[in-house]
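The values are calculated or read from the model by the stated rules, or taken from the named source; none is laboratory data. This is a predicted model, so every value here is computed, not measured. Using ideal geometry, Cβ is built from the backbone for each residue, glycine included, and neighbour counts are taken over all protein chains shown.
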Amino acid sequence: MSAKLQIELQPLSREHVASFCRLVVALAEFEKLPPPEEAAQARLIEDALGAKPRIEVWLAFVSEDAEPCGYMILVETYSSFLALPTLYLEDLFVLPERRKAGVGGTLLKKAVCLAHERGCGRMEWTALDWNVNAQQVYEQRLGAKRMGEWLLYRMTRDDMASYLAAGSGQSDTVGKSSSE
C-alpha cells in the first residue's frame, strides 16, 4: 500500500506566478475555452498580488512535486439580506494526473474553513452543466445545494459596450423608486 500524499496549500506568491498561469491555461483547455492571453495573465497577477488585490489565490502542492498541481480563486461578495459577506469560489482546478488524490477536496475544505473563519453567511460557486463529477462531489460529499431558483446572467465587456453605446433610456429608471 502506498503512503498517502501530503497536500500543502499556499497563497500565491511571486515565486509561483508562472505555474499559476499554466494552471489557468490548463483549466481553459479542460473547459474548451480560449486561454487568457499574456495581457490577461498580467492582469490576473496584478489582481492577485498588486497593491489592492481583487482576488485571493491558493495553490495546492503534493509532497513529491515542486510545482503546484491545483489552484482556487476566491473573492468576497456581500449579502444585503444577511448583512454578511459571501465567499465566492471563482475557480477550482486540479491537473488530471492529481485528481482523485484528495487535492480538490483539500482546496474545497480550505475555502469552507476560510468562509467560516471570516464570518461569511454563505459560500457560493457555479459548476458547468456537463461537469457531472464535480456536481456529485458538491452535492453528495459536501452537502451543497443546487440553487434552482437563481439564474446566472452575464454580460461580456463587448455586451456592456454595446448596451452603453445604444444609450438605452431604460437604464435611467433601473433601481429608482417611483417617488424619485
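Listed values, structure above:
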{"read-out": "Condition check for Asp65: of a type in the set (Asp, Glu) and within 25 Å of Asn133 (Cβ to Cβ)", "value": "yes"}
{"read-out": "Selection count where residues are free of Cβ contacts under 8 Å to residues at least 24 places away in the same chain and either among the charged types (D, E, K, R) or in contact with a Lys or Arg (Cβ under 9 Å, 6 or more places away or on another chain) (or both), scope region 84-113", "value": "3"}
{"read-out": "Near pairs, Cβ below 6 angstrom, 6+ apart or cross-chain, from region 130-156 (hydroxyl-bearing (Ser, Thr, Tyr)) to any residue that is modelled with pLDDT of 85 or more and in a loop (DSSP other than H, G, I, E, B)", "value": "Tyr138/Ala144"}
{"read-out": "Tally, over region 121-177, of residues that are in a helix (DSSP H, G or I), within 20 Å of the chain's Cα centre (by Cα) and either within 24 Å of Pro96 (Cα to Cα) or at pLDDT below 85 (or both)", "value": "9"}
